[in-house]
Every structure is written in structure tokens, then in C-alpha cells.
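All remarks here apply to the structure that follows.
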Amino acid sequence: MTDRKLTLLKDAILPTQPLEVRASGIEALTLLEDKRVIPILQGLLRDPTADIRKTAKVAIEELKAAQPSS
């Protein structure tokens, strides 16, 4: 089920979506608690919209903090 959610949420963060949808998509990706979303979020660090960059940065930090140390 997580793979299906991941696919849907990747569509939600596309630049063609409204800002609110994109921000919600980023937050939802974070809630998956799946390390596979980190590279997806890292791609948003170069987004032209400052709010999206900031939301992605915070999400990455949260995911990294939640991961157990190796």
C-alpha cells in the first residue's frame, strides 16, 4: 500500500499542482516515514517557490531525525 501512496503523493507535489496541494503532499510524504522519499524531497530544494523549498527542507530534517543511527 505504501508504494501506491508514494506514487499518488509524488503526483501531488508536481509543479503543475496548486501550492497548497504541493505543501500538503510534502507533509503527507513525511508521514509515510519512508526513507525513499528523501531523494524526492531533495529535488524540491531547488523549487522556484520558497515555501515549497522550506517545507521540503523541514520534511527532510524530520525524516532524518526519525531514522535510527547506523
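The values are calculated or read from the model by the stated rules, or taken from the named source; none is laboratory data. Keep in mind the model is a prediction, meaning the values are calculated, not measured. Glycine also receives a Cβ, built like all others from the backbone with ideal geometry; neighbour counts cover every protein chain displayed. The area values use the complete protein model at the heavy-atom level, side chains included, leaving out ligands, DNA and RNA. Shrake-Rupley method; radii C 1.70, N 1.55, O 1.52, S 1.80 Å.
Do we find that Thr16 is at pLDDT 95 or above, of a type in the set (Val, Ile, Thr) and open to solvent by 70 Å² or more (accessible area, probe 1.4 Å) in this structure? Considered against the rule, which asks whether it is at pLDDT 95 or above, of a type in the set (Val, Ile, Thr) and open to solvent by 70 Å² or more (accessible area, probe 1.4 Å), Thr16 comes out as yes. For region 56-70, a residue qualifies if it is in contact with a Lys or Arg (Cβ under 8 Å, 6 or more places away or on another chain) and open to solvent by less than 70 Å² (accessible area, probe 1.4 Å), and exactly one does: Leu63. Is it true that Thr7 is of a type in the set (Ser, Thr, Tyr) and within 13 Å of Glu62 (Cβ to Cβ)? Judged against the criteria, Thr7 is not a match. Every listed requirement among (1) open to solvent by 70 Å² or more (accessible area, probe 1.4 Å); (2) of a type outside the set (A, V, I, L, M); (3) in a loop (DSSP other than H, G, I, E, B) is met by Asp34 save one, (1).
Does Ala50 meet the test of being open to solvent by 40 Å² or more (accessible area, probe 1.4 Å) and aliphatic (A, V, I, L, M)?
yes
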